[in-house]
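Engineer: Provided herewith is a single structure, encoded as structure tokens, for subsequent inquiry.
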Amino acid sequence: MRNYNDGIVRTNKRCIGCNKCVSKCPVVGANVSVLKKGRPTMAVSSDKCINCGNCVEVCNKQAREFIDDTEDFFKAVRSDLKVSVLIDPSFYILYKDKANGILGYLKESGVNKIYDVGFGAEIAAYMNAQYIKEHEDDPKRAFILNYCPAVVSYIERYRPEMIDMMIPVQSPAISTAIYVKKYLKDDSALALISPCPSKKDEMLSTGNLISYNVCISNFIKELEGINTDAYVAQSDLPSRDVGVLSSVTGFFGEMIDIYFSKEYSSLRKEGIDGTFFDFVSMTAADETPMATYFDIISCQVSCLMGPGISIPMQDYEHVNKTIRELRKKNIGKLGDKTSSEEIYKADSEIMKDLDPADFVRTYQSKFRQESEVPESTYESIFNTMYKTTPEKRNVDCGSCGYSTCREMVGAIAYGYNRMENCIHYMNDELLMRYYTDDLTKIANVEGFKANVKRLYDENPQKEYVIGVVSLNHLNLINDLYGFSLGDAYIKKAAEIAVKFTSKGGTAGRLGGGEFLICFENSEEELKRADEATTYSFPDINVSFPLSFRAGLYIDRFRDETIEAIINFASLARDKIEEDGVSTILIYDDELQEKLAAEAMITSQMYKAITKKEFAPFFQPQYSHRTGKIVGAEMLCRWIKKDGSIISPGLFIPIFEKNGFIKTLDKYMWEQAFIAAQNYSSDKYKKVPVSVNISRVSLDEDDFVDTIRKLDERYPIDKSGLHFEITESAYSSRQDIVSRKVNELRKMGFKVAVDDFGSGYSSLNILKDMPIDILKLDMGFLRGRNQENGEIIIRNVVSMVKELDLEIISEGVENIEQAEFLKYVGCDTIQGYLYARPMPAKEYEKLILADASDFNNMKFENEMKEKGVFY
């Protein structure tokens, strides 16, 4: 199990997952992309991290930090434990003027002894030179200096083939500790104050000679608020000379160079680079190596700018000045005053009491072989990331932090990173999501339009058909089977759409149960579309067959936008009734004219009601037995200001479709109440007016409340106003319709069923519906089999009378129909035989108390001559 953020270098909560740490990390897998509470962050794998601290330096969010032993060190000192301190040369360079005061404070606080690591650097430099000289003729000798613990850790963990290339000499810090412990007999616990968090790894690998790794930045932070100028102390073991500069870039190598003549060469490298290490390995195989030794450090600008130092950049001018002064002071040994052999001889005399075996460092392979990622895995991940071409697989932009796309894919394969950290994948993924429907995974509207554009561009000579397809009764399927199976049903429909358009076309989902299709305009393809019927999906346990309504637009001239074509196809689709049968309608000139008329009506309807262009007309109802007027139905007529009339047969269906019928209904109800109130005066005959309630309004929850408020606003004799509902309005939601009708009747209004006999639920209405009046549709007496129609009407009238309901025949157009109806017992007639719908002023003349029952006396005389009235 991987361990994250529990080593020396760690990620804190400031991390935003920017990948900078990945770009500077020499180890693939040390930085692991994880989601923390849904937020991307880069965790540190303590199993992989070499603690070089590059990420700490590069992170401008301060999201990387390291832990050291500063707190434990001060606790130990202040609890009177015996502790001595090793001071890295960088400390003196960085804090030249304050160094002695800080050392004084440490001594005052209880530190036993203070030793300069520069002293140990001089020992380590000599021991390295000794090893090189002794193995000068060995082509397999080691040649990499042990100076940077991060480099050592990198080689032990990831380049085990290079372990034998490491010179087996301890580092300056460990050499100092060995000298202090063995030769000065200091039995104190040792603390190292240095700029390097990775020194902790070195301490653990060398037997814990040093107990505390104290990074300079944390050490100085601990001294904040303390006046160290009040103290003073010197090192108990100062550097002899050049060791004080050993932390400066390349200077440790220079300390070794002085032991060799100019024909010897060294090579220095800042930063851990896998390519450079490959180069070093190749050099090892050469019997004539390019350099006597290699001096490699992890930090880009020497230890003086290591992760454990927090000096503002502007202070480095002071640092450089100090370095120049120290070089000048100690340069003598590096000059030409003495030959390299003489220097080596002189230092050998100084080091004669030291046993080289005490300063030998052994290295241990910590390499763990990871299983190799199969090429098929690379292929799979590349394809998943939409990197399907050589160009896309070699973008190598580095924004993910890795040098190459392949390196990134490898990290993903090992679980170190996530595809989401590739900006190009995310761009492609966002584009794919932008163009893809989430549920069906086929194109969405934007994807469909893009695919159609591509088809058009690739095939400029071809004509295409674009269609909008809607599944019939999807809401019913959701109600019967639930939304999960409803979604499965939609997915199956998507498969059919894709299969249908697979031959040089494309398909997409518009939303819900609506799909888009595009296929080549050919007789064969249109015939195939026309022959599509229903589909069954027993495999998803939905027995309900799939049928559809499809509107098609044949794009012959490419003079419309794709958006406009989809709209045209949608308009054609909307003209098809949802009846469970697969139906196709092609958008053509005739349909376009109808739709233009609809658009005109829709655009003018609100202004028309404001301008009172909707006028109440009245069609009188007569007793065919007496010739007297007995009632009237209020109808709506749209009369424009210029006198032109729009037929209700045109605007009523449009209003029912777009919902404006609810507004018109309320307007006409109010006109009916006003009329009933006006006609209740003695100057008019007491005959009722009936007004229609559309199916759409009847479905509204506030329908009854609206009628009740009108009744309160215009108090009337309830016998003067009837309400009519159509038979089709009762066919659905029967319980709700019955309840609302009952509420109207409780208010005192009579309710009539209009168009009785035009639907299929007529007998149920007679049985279940709480009505008062039945208006008989004259369709029974039209067309063929009039004898059968007469039998039906005779029996219906008989049933209605037995049910004690009033009956009115509407649509009566000739005297023969009227005579038959009178004969079977239906006396009340409404139709063109007696009167067409008329404006209110004409109707008011008819119902004046002293008016004749007919304005047309000629018509009355004809009736009397035929013996109609008696």
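Engineer: Can you tell which of 800, 824, 868, 812 is at negative phi and modelled with pLDDT under 90?
Structural biologist: Values: 800 fails: modelled with pLDDT under 90; 824 fails: modelled with pLDDT under 90; 812 fails: modelled with pLDDT under 90.
Exactly one of 800, 824, 868, 812 is at negative phi and modelled with pLDDT under 90, namely 868.
Engineer: Then there is this: Could you run through region 627-656 and say how many residues are open to solvent by 40 Å² or more (accessible area, probe 1.4 Å), outside any strand (DSSP E or B) and touching a residue at least 60 places away in the same chain (Cβ under 8 Å)? Walk me through how you get there before you give the answer.
Structural biologist: Taking region 627-656 as the starting set, the residues that turn out to be open to solvent by 40 Å² or more (accessible area, probe 1.4 Å) are 628, 630, 637, 639-645, 647, 649-650, 652-653, 656.
So of that shortlist, the ones also outside any strand (DSSP E or B) come out as 628, 640-644, 647, 649-650, 652-653, 656.
Those still in the list that are touching a residue at least 60 places away in the same chain (Cβ under 8 Å) too: 628.
So the count comes out to 1.
Engineer: Checking residue 705 against (1) assigned by TED's automatic domain parsing to the domain that holds residue 651; (2) in contact (Cβ under 8 Å) with a residue 12 or more places away in the chain; (3) of a type outside the set (S, T, N, Q), which test does it fail?
Structural biologist: With respect to (1) assigned by TED's automatic domain parsing to the domain that holds residue 651; (2) in contact (Cβ under 8 Å) with a residue 12 or more places away in the chain; (3) of a type outside the set (S, T, N, Q), residue 705 is out only on (2).
Engineer: Between 803, 766, which is touching a helix residue (DSSP H, G or I) at 6+ places or on another chain (Cβ under 7 Å), within 28 Å of residue 697 (Cβ to Cβ), without any contact (Cβ under 8 Å) to a residue 60 or more places away in the chain and open to solvent by 70 Å² or more (accessible area, probe 1.4 Å)?
Structural biologist: 803
Engineer: Sticking with this structure for a sec: Taking residue 87 and the conditions (1) of a type in the set (Val, Ile, Thr); (2) in the same structural domain as residue 191 (by TED's automatic domain parsing); (3) open to solvent by 20 Å² or more (accessible area, probe 1.4 Å), which numbered condition does it fall short on, given that it satisfies the others?
Structural biologist: (3)
Engineer: Find all pairs meeting these conditions: Cβ atoms under 9 angstrom apart; at least six residues apart or on different chains; first residue within region 555-567 and on the phi < 0 side of the Ramachandran plot and in the same structural domain as residue 450 (by TED's automatic domain parsing); second residue of a type in the set (Phe, Trp, Tyr) and in a loop (DSSP other than H, G, I, E, B).
Structural biologist: Within 9 Å, the pairs are 565/587.
Engineer: Next question. So, of the residues in region 829-852 that are farther than 28 Å from residue 643 by Cβ and open to solvent by 30 Å² or more (accessible area, probe 1.4 Å), which turns out to be modelled with the highest pLDDT? Talk me through it step by step, then tell me what you get.
Structural biologist: Quick first cut of region 829-852, residues farther than 28 Å from residue 643 by Cβ only: 829, 849-850, 852.
Narrowing further to those that are open to solvent by 30 Å² or more (accessible area, probe 1.4 Å): 849-850, 852.
Values: 849: 76, 850: 69, 852: 62.
Looking at residues that are farther than 28 Å from residue 643 by Cβ and open to solvent by 30 Å² or more (accessible area, probe 1.4 Å), I get 849.
Engineer: Still on this structure, I have one more. Could you run through region 204-220 and say how many residues are free of Cβ contacts under 8 Å to residues at least 12 places away in the same chain and of a type outside the set (Gly, Ala, Ser)? Full working, then the answer.
Structural biologist: Just the residues of region 204-220 that are free of Cβ contacts under 8 Å to residues at least 12 places away in the same chain, to begin with: 204, 207-208.
So of that shortlist, the ones also of a type outside the set (Gly, Ala, Ser) come out as 204, 208.
Residues meeting the conditions: 2.
Engineer: Within region 328-394, which helices (runs of 4 or more DSSP H) (wholly inside it) include 3 or more residues that are modelled with pLDDT under 95, open to solvent by 60 Å² or more (accessible area, probe 1.4 Å) and charged (D, E, K, R)?
Structural biologist: Details: elements: 340-350, 375-384, 390-393.
So the answer is 340-350.
Engineer: May I ask you to say which residue of 294, 276 is part of a strand (DSSP E or B), at pLDDT below 90 and among the hydrophobic types (A, V, I, L, M, F, W, C)? Walk me through how you get there before you give the answer.
Structural biologist: Details: 276 fails: part of a strand (DSSP E or B).
It is 294.
Rundown of residues vs (1) within 22 Å of residue 264 (Cβ to Cβ); (2) surrounded by 24 or more Cβ atoms within 10 Å (Cβ to Cβ), yes/no style:
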{"site": "118", "(1), (2)": "no, yes"}
{"site": "124", "(1), (2)": "yes, yes"}
{"site": "136", "(1), (2)": "yes, no"}
{"site": "148", "(1), (2)": "yes, yes"}
{"site": "168", "(1), (2)": "yes, no"}
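Engineer: Moving on to the next point. Give 448, 483 a once-over and let me know the one that is surrounded by fewer than 21 Cβ atoms within 10 Å (Cβ to Cβ), assigned by TED's automatic domain parsing to the domain that holds residue 505 and of a type outside the set (D, E, K, R). Working first, answer last.
Structural biologist: On the way: 448 fails: surrounded by fewer than 21 Cβ atoms within 10 Å (Cβ to Cβ).
Just a single option satisfies the conditions, and that option is 483.
Engineer: While we're looking at this one, here's another question. Would it be correct to say that residue 10 is closer than 23 Å to residue 368 by Cβ and either outside any loop (DSSP other than H, G, I, E, B) or at pLDDT 90 or above (or both)?
Structural biologist: Values: closer than 23 Å to residue 368 by Cβ: yes; either outside any loop (DSSP other than H, G, I, E, B) or at pLDDT 90 or above (or both): yes.
Yes: the conditions hold for residue 10.
Engineer: If you don't mind, another one. Quick one: count up the residues across region 806-828 that are open to solvent by less than 90 Å² (accessible area, probe 1.4 Å), farther than 19 Å from residue 771 by Cα and in contact with a Leu (Cβ under 7 Å, 6 or more places away or on another chain).
Structural biologist: 5
The values are calculated or read from the model by the stated rules, or taken from the named source; none is laboratory data. For clarity, every value in this text was computed on a predicted model and none was experimentally measured. Every residue, glycine among them, receives a Cβ derived from its backbone with ideal geometry; neighbour counts consider all protein chains shown. What goes into the accessible areas is simple: the full protein's heavy atoms, side chains included, and nothing from ligands, DNA or RNA. Shrake-Rupley method; radii C 1.70, N 1.55, O 1.52, S 1.80 Å.
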